[in-house]
Amino acid sequence: MKNLSLVVILAAVFFGGCTVYKPSFVKTSASNYPAKPETCDFTILTILPNKPFEEIGVIENQSIVVNISDFKTMSQPYVCSQGGDAVVAFVNGHGIYIKGTIIKFKTK
């Protein structure tokens, strides 16, 4: 019986650790922009740009992403589907990308 309990506990820990968390997206703009292709290119910024932009929405990361290229891959479906030009990435004190703000640059 103890062996069965141990197996159940180990299985729960193993499968619980393999859970994939999907980021959440909240639209913050009343404007709608045409979607770009699924594999669109966009810029990752770590500071606000010094040119005019509109915030489209916010991506809240639910997993541990410490690499900017992984953050870009995670953000891509949201940025492209919303017609974004860039994401302003926010990192917590542990080096984990926790959030990204999708922006659209304004044209003159």
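Structure summary
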item: Subset of region 23-63 [among the hydrophobic types (A, V, I, L, M, F, W, C), touching a strand residue (DSSP E or B) at 6+ places or on another chain (Cβ under 9 Å) and surrounded by 13 or more Cβ atoms within 10 Å (Cβ to Cβ)]; result: Phe25, Phe42, Ile44, Leu45, Phe53, Ile56, Val58, Ile59
item: Whichever residue in region 64-88 is hydroxyl-bearing (Ser, Thr, Tyr) and over 13 Å from Phe25 (Cα atoms) and, among such residues, is surrounded by the most Cβ atoms within 10 Å (Cβ to Cβ); result: Thr73
item: Failed criterion for Ser75 (all others in (1) in a loop (DSSP other than H, G, I, E, B); (2) among the small types (Gly, Ala, Ser); (3) in contact (Cβ under 8 Å) with a residue 12 or more places away in the chain hold); result: (1)
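Every number in this text was worked out from the coordinates using simple rules, so none of it is lab data. All figures in this text were calculated on a predicted structure; none of them were measured in a lab. Note that we place each Cβ from the backbone using ideal geometry, even for glycine, and neighbour counts take in every protein chain shown.
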